[in-house]
């Protein structure tokens, strides 16, 4: 139990103790009626948080028959701090004042005397003080709650503004991808289709068919990416199924270069490891196709001593490479992905003028 939960019962116990001290000082043990009323008033403070009005009513007999008024003032403060009915508070102050001025069993008042008027004012002020204090505490509590709500609303507004800016940026990116990239890829697909129909050479027809097929696949992926970007701020859009080792054969067949695939890894590797291997092979074959025309490649994936090692090696190019755009971020991304899984990526030229990319990961996907 933390300190905040202990604070309330400790405070109630302290008020009861103070009330009992007030009873001990002002009520004699030989006065059973007054003592009983005063004790009831003192112990009724344990109910002040759950039943504040009942607690105040239970303290009034002690005020009427004795001078032990501390419990009644504490109950009046509690009632004022919880209720918003000011008329009821005014009635309670009036009742307390009348009971405190009454010298039980005598009920007579002589307002012609100055002392009676002074006593009336003093008693009324004594009753009004805890009421004002309770109302002040209630106002402070309301103000704190309102400040918390304003702060929460401001944070929510800030979040909505950030989401709105992000949605606009994504929408602009989606338009650019749709209007520029998709259009250019569509032209590539159309021209490749025309080349496939009009060419006489079988190799040219096959190359044109491969270009057209890859262009169509790229268009499908671009359309999905555009839909994901445009759906920002709405319902979550499911991503396409992530690749696994089962997709490697199709990747190799569609790579556009002659590739030999050799693998002896189990099929139950973690999905993160399978995706890392797939993306590594994809990046290596893409780089070989771009930077080493006419090359052949070998993909070797093996499992040994709790580690998985994927090696992609390509031979030296037989044609000069074409100047193609590149952001030079592929290997950096592969190294970051491998590092997150506790592995590493090494790459470099081979002795015969080719290139080799090697990925090594723990089989469990953790360091």
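Screening the candidates 33, 79 for the property of being assigned by TED's automatic domain parsing to the domain that holds residue 8, loosely packed, with under 13 Cβ neighbours inside 10 Å and touching a helix residue (DSSP H, G or I) at 6+ places or on another chain (Cβ under 9 Å) yields one hit, 33.
Only a single item in (1) modelled with pLDDT of 85 or more; (2) within 34 Å of the chain's Cα centre (by Cα) is not met by residue 263, and it is number (2). Taking the range 57-76 as the range and being within 52 Å of the chain's Cα centre (by Cα) and either touching a residue at least 40 places away in the same chain (Cβ under 8 Å) or not in a helix (DSSP H, G or I) (or both) as the test, the residues that pass are 69, 70, 71, 73, 74, 76. Taking first residues from the range 242-256 that are at pLDDT 85 or above and partners that are surrounded by fewer than 18 Cβ atoms within 10 Å (Cβ to Cβ), the Cβ contacts under 8 Å between residues at least 6 apart in sequence or on separate chains come to 245/263; 245/267; 246/267; 248/261; 248/263; 249/261; 252/261. Taken as a whole, the structure places residue 179 among residues that are at pLDDT below 75, outside the structural domain of residue 90 (by TED's automatic domain parsing), over 30 Å from residue 75 (Cα atoms) and out of contact with any strand residue (DSSP E or B) (no Cβ under 8 Å at 6 or more places or on another chain).
Is it true that residue 173 is within 22 Å of the chain's Cα centre (by Cα), at pLDDT below 90 and surrounded by 10 or more Cβ atoms within 10 Å (Cβ to Cβ)? No; evaluated as a whole, the condition is false for this residue.
The values are calculated or read from the model by the stated rules, or taken from the named source; none is laboratory data. Everything numeric here is computed off the predicted structure, so don't read it as measured data. No Cβ is skipped: glycine too gets one built from the backbone with ideal geometry, and neighbour counts run over all protein chains shown.
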